[in-house]
Amino acid sequence: MTYYTSMSVASNVFPDFEDQLTRPNLLLRVGEHVLDAGALRLTTRPDYPRLTSKAVAVLLQLVRDHGNTVTREHLLDRVWADRVTTPDVLTQAIKELRRAFADDVKPSRYIETIPKVGYRLLADVAILSQEKSLGARLAVQAGNDPYLEANVASLPTQQPPPVSAATAWRWPWLAAAAIAIAGAILYFPRAATSPAAPLLQWQVSDVRALSSDPGAEDRPHISPDGTRVAYSKADPQTQLGRILMRAVGQTRSLAWASEVQANEDTPLWSPDGKSIVFERVSDTSCELIVTSSLGGEMRVVGKCQSPLTNYYDWTPDGGKLITAERSARTQGHLSLLLWDLSSGEKQPLEYARPAEADDLNAHYSPDGKLLAFRRGLAPYSDLWVMSADGRNAHQLTHLRASVRGYTWSRDSAALIVSSNHEGRFGLYAVDVHSGAIESLHVNPAEFPDAARHDDTLVYEIPRVQYKLAERDVGESETVRSLAPSTGNEIQPTYSSADNRIAFISDRSGTQQLWLYDHATGATTVLTDFRDALLSNPSWSSDGTRLLITVRKPDAALLFEIEPASRRQRLLSKNGDDVHAASYGADPDSVLLTLGVPGKDNQLLLVEHAGTARERRQLLESGLWYSEFDAGTRQLYYSRNAHYGIFARTLSRSGELSPEKSVAPDIMDGWHVIDGRIWHFAPSRFTSKSTDLLEFNPQDRSERVLAHIDAEPRDALFSVAPQHDRVLYTTVVSEDTDIGALRLARTGAH
């Protein structure tokens, strides 16, 4: 074995290799992960904490001598040359890298320890580039995109040096000529191109992060000329949200001075760029404020109803805001209205809408001719488009998924949407004339906003860490952390038969279904899916089986898992777009929610699923979440674009009794417990605290069961079989950054 302590093979073979490793905004693929060296982030694990600068420096030294052993002395001399230290700092840096890469198997897949000598990088390496001059143009790899293809730095053709058999066996997937490059394997991944692939209409370039400060930078909005970004961020002293502004391309932000004891967030530029409107929320009120984009005097426009549904935008002339509110006129449903900035008068927007629709989050097109809005409450909704005067409203998307923000393209021809209909939240262009959807291959990405007179678009790069927490129901305020790890844990659910907990975690590097035994504290992985996102685990009544929805790039499937044996069985059919599933009234029945292209979701009762005797029966359309309560023999469900939770009696013949609304405007953050609805609701506007409430449909009363001094993720939770504990996912750290890109039509000049 050859030990290198100075010049690497890569530097000899590729003269510009060192320059590429030291350039700004370096993106480095290491095995299954991508490192944004400048931001100290693994973009493949967006919720994972930042790496230390020393750990990244160690990794870069190992990359320089890729495939060869680098001595501990050399690493200490190069990385810690500026300080006196002990060898333990190197050991800790290696441990940090292994944790980040989820390299917890034996033998190691990433970094090999050579006892008493040093370390060797085993994983394949690629330098990624977003510059169009480097390599052929493929789908753009965003700086925060963990999965998609990328442009990779083109390297000069060189005659490779001979390679030994000991080196060659490590690279079976490379051609013989490429195998010979022992110092640094720099490869160019190419996706297979289908002859029938549609012509791409949009070109993404210059993908980058505008911010990488500690803490979360939220809801960025770009000025009409594309030169400045306004956003909100918690003040480190008061922890209250404040408005900040930053010039695009600059690293320093200017905070607006404010002494109010309220959160100030969600800033939006006026069409002429001279004014900004933002939201000011305290424990007792919600207000909209208008001020000059240069700062100065702030004017209260008026009160807003609820910060949970308070979306707003400027009218094309800049004289009004468009927002949505509930009223007696709309029977308590959200409807669009215009808010005059000079008089404060609110006037309903006249347009055709069903009586039970909830419409919100409206945006005018840059040319002022069209108006888009979202119909349906979280978590599921779709986008509609009509003329600016309210005529010809029609549904544009049939995503059957969550939408986390959207914006108009500069030419008013498309909506740029953040959706998770393919798994992760990413950006998609939706043509407003045809409804055709094109992925922009930028994810994770949320809340996009495009400049009116420039090709720049900004968005949130979500970096949030989630953990499992358990709290007693009642007066006790004890909160316990369960199954701790350095990964992210979501969607926990108690077994109805015992104290086991199923949950989804990426602690192994990929999302899998895990099992936690409350009695022993043991944590066990149940699945081994690849390139998949998991959701909605659901137990059978006897605790012997679990349902799990598995979303892959080309399909959304339903599997049944036996925890005891880890055996799995596919229950869905080819062509099924599975959204969720739970067990029905009988042991061999499943309530299956499917997405149907161009139509409402369907709730099916499936008997003998996955067998030759399978029988399906359509129960309802337009449902997003459902539960069957064995005690009351009723089916409870929430519906898209409809207010409340509904209950129907499910007979063996499948006949349903008339529906009745039994709870407020929540979609999937609820459970049926002994015929009553348990759900989460915010305790106060400004704090991240939550109340667990019980709603009694018989007398329509509601009481507080527990107060949680935290912000549960998406209001999803689970109740223990004894109804004495509640399990939920809480946000333990949030470090969201602002991303930016250039977006133009293909061939546009």
Calculate, in nm to one decimal, what Glu32 and Thr611 gain on full extension: separation in residues at 0.36 nm each, minus their alpha carbon distance.
204.8 nm
Which net charge results for the neighbourhood of Val726, defined as the other residues with beta-carbon distances under 13 angstrom from its beta-carbon, given Lys and Arg at +1 and Asp and Glu at -1?
-3
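Longer than 25 Å from Cα to Cα, which of Lys274/Lys303; Lys233/Lys467; Lys54/Lys552; Lys54/Lys233; Lys274/Lys369 are they? Say none if no pair is.
Values: Lys274/Lys303 23 Å; Lys233/Lys467 23 Å; Lys54/Lys552 36 Å; Lys54/Lys233 28 Å; Lys274/Lys369 22 Å.
Pairs exceeding the cut-off: Lys54/Lys552; Lys54/Lys233.
What FRET efficiency comes out for the pair Val704/Gln237, r = Cβ-Cβ distance, R0 = 30 Å, nearest 0.05? Could you put the intermediate results ahead of the total?
Values: r = 31 Å, r/R0 = 1.04.
The pair Val704/Gln237 has a calculated efficiency of 0.45.
Tell me, what is the Rg over Rh of segment 284-345, with Rh the Kirkwood radius over Cα pairs?
Numbers: Rg = 12.5 Å, Rh = 12.6 Å.
So for segment 284-345, dividing Rg by the Kirkwood Rh gives 0.99.
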Go ahead and run the numbers for FRET between Glu112 and Val300, Cβ-Cβ distance against an R0 of 51 Å, rounding to 0.05.
0.20
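If I take every Cα pair under 8 Å that is 6 or more residues apart in segment 464-734, average their sequence separation and divide by the length, what percent do I get for the relative contact order? Each step should come with its number before you reach the end.
Values: 691 pairs, mean separation 44.1, N = 271.
Rounded, it is 16 percent for segment 464-734.
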Taking Cα pairs closer than 8 Å and at least 6 residues apart, the relative contact order of segment 216-304 in percent is 20 percent
So what's segment 216-304 giving for Rg/Rh, alpha carbon basis, Kirkwood Rh from the mean inverse pair distance?
0.94
Run through segment 305-387 and list the trypsin sites (Lys or Arg not before Pro) located in a DSSP loop whose Cβ has at most 16 other Cβ atoms within 10 Å.
Arg329, Lys369
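Quote the relative contact order of segment 577-622 in percent (integer), defining contacts as alpha-carbon pairs under 8 Å separated by 6+ residues. Each step should come with its number before you reach the end.
Details: 92 pairs, mean separation 13.2, N = 46.
Reported as a whole number, the value is 29 percent.
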Segment 320-417 - convex hull of the alpha-carbon atoms, volume per residue in Å³:
102 Å³
Ranked from highest to lowest mean number of other Cβ atoms within 10 Å per residue, what is the order of the peptides 519-531, 109-121, 670-682, 731-743?
731-743, 670-682, 109-121, 519-531
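When the expected Rg is taken as 2.2 N^0.38 Å, what fraction or multiple of it is the alpha-carbon Rg of segment 464-734?
Working: Rg = 18.1 Å, N = 271, 2.2 N^0.38 = 18.5 Å.
So the Cα radius of gyration is 0.98 times the expected 2.2 N^0.38 Å.
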Could you check the spin-label model distance between Arg530 and Gln250? Points 7 Å from the Cα along Cα→Cβ, value in nm.
4.9 nm
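Rule-based calculations on the coordinates, nothing more; no lab input. Every value quoted in this text rests on a predicted model; they were computed, and no experiment measured them. Glycine gets a Cβ as well: all are built from the backbone with ideal geometry, and neighbour counts include every protein chain shown.
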